Every structure is written in C-alpha cells, then in structure tokens.
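Undergrad: Just passing along the structure, written as structure tokens.
Please treat every number below as a calculation from the coordinates, not as lab data. These numbers were taken from a predicted model, which means no experiment stands behind them. All Cβ positions, glycine included, derive from the backbone under ideal geometry; neighbour counts span all protein chains shown.
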Amino acid sequence: MNLNLTVHSVTALGPSCVDPAWLCWIETHPGLAGWVQALGVLATIIIAILSPMWSEYLVERRLKRTAAIKAANAASRAAGSAEAFVQGADGWGEDPAFDRAFPRQAFESALADLRSAETNLPHLGLVGPALARFSMAFVGFVDLTQQMPDARRAGKLPEFVEFMRRRCADLANQHRAIVRALGFEAE
C-alpha cells in the first residue's frame, strides 16, 4: 500500500511542476485546459481565414507595382520616341529614308508597349485614365507624323515642325505627371 501512495503522490504533484510556474498553475486548474484548447482552436481558425486574404493582398500589391512599372516604362519610351522624332526634324526632307523608317520603327514598339500597359489599367487605379489619355495623345502624334511629307510639299514644314514640337511638349508634360503619380521620379 505504501508503494501505491508514493506513485499517487508523484502524479498528484505532477512531474511537470519542474516546468515554469505558469504551467504548474494551469495543471492545478483542471477546467483551464479546455479553455486553452478553445482559444488555440479559435486562433487557428482566425489564422486560417486571414492567411489567404493576406496572400491575396500581397499578390494584388505585386500586380499593381508591376503594372505601375510597366506603365511608367511604356510612357517613357513613347515620350522619348516622340522627342527623338521632333529633335530629328532638322533632318526632315534631307533624308527620305529617315522620313519613312523612323515613325514605323520607333513608334510601333512604343505603341506596343503602351497597349501592353493598358491591359493593366484596373491595377493602376487613378493613374489608369491618365495613361489612357496619354496613349490616345501619342497615337494622335504618330498619326500626325504621317502628314510630314504633305507639309514639306506644301512648303509649310517649319510650321508643321513647330506644331509637332508643341504636341511633343504636351506629351512630355503628361508623361511626367503619370510617372509622378505612379510614385517614380520624373526625368
């Protein structure tokens, strides 16, 4: 009988009472274990609900950032090609190969970049409409470049070049506004 009392007294004291005091306190309150389990289950459920939401938020944030970078690059490339075209205006009429080739090569790739960036307009928030307006203005600029040979034949090339410079300056202003609104530094 003495042997049974010894084993019983060791379990009553609890072999884990060597652990920190708060664990011993939990073990001496038998109903508390159920509450701790309930709180653990509740925390697990909350984490299981919030984890996919957080993951989705991070994916959306990454999509927005990627769309912003793509839009800024597309606008920069388009504005740069318009500026290069206008700066080359001094050579208009002297090199027919330049007159024919430049708009197709530089503008087509810039237009492709803008169209690609426009597919992400929903991710751009308030900047989306500004990018759409910039894209439309750039398409108008590209269309006007096709009138350059007619202006040269009519003897109005200087006026046409000045008009194109103003359009290019408008594009540059829109470009800077878009880049700033996206949170990047305008060049």
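Undergrad: How charged is the neighbourhood of ARG133? Take every other residue with its Cβ under 13 Å from the Cβ of ARG133, and add Lys/Arg as +1 and Asp/Glu as -1.
TA: Here the count lands on -2.
Undergrad: Moving on to the next point. For labels at GLN105 and ALA43 in the simple 7 Å Cα→Cβ model, what's the distance in nm?
TA: About 6.5 nm separates the two model spin labels.
Undergrad: Most exposed first by the Cβ proxy, i.e. fewest other Cβ within 10 Å, how do SER109, SER81, SER76 rank? Please list the in-between numbers first.
TA: Numbers: SER109 13, SER81 24, SER76 19.
So the residues, fewest neighbours to most, are SER109, SER76, SER81.
Undergrad: Still on this structure, I have one more. Neighbouring Cβ atoms within 10 Å as the yardstick, rank LEU171, LEU157 fewest first.
TA: Working: LEU171 23, LEU157 17.
Listing LEU171, LEU157 from fewest to most nearby Cβ atoms yields LEU157, LEU171.
Undergrad: Contact order normalised by length for the stretch 64-181, with contacts defined as Cα pairs under 8 Å and 6 or more residues apart; what percent is it? Mind showing how you got there, number by number?
TA: Values: 85 pairs, mean separation 45.9, N = 118.
Relative contact order for the stretch 64-181 comes out at 39 percent.
Undergrad: Over all directions, what mean area does the Cα convex hull of the stretch 64-181 project, stated in square nanometres?
TA: Working: hull surface 26.0 nm².
Hull-based average projected area comes out at 6.5 nm².
Undergrad: For the stretch 129-176, rounded, prolate or oblate, judged on the Cα gyration tensor with a ≥ b ≥ c (square roots of eigenvalues), a/c < 1.5 rounded, else prolate if a/b > b/c?
TA: Here the stretch 129-176 falls in the oblate category.
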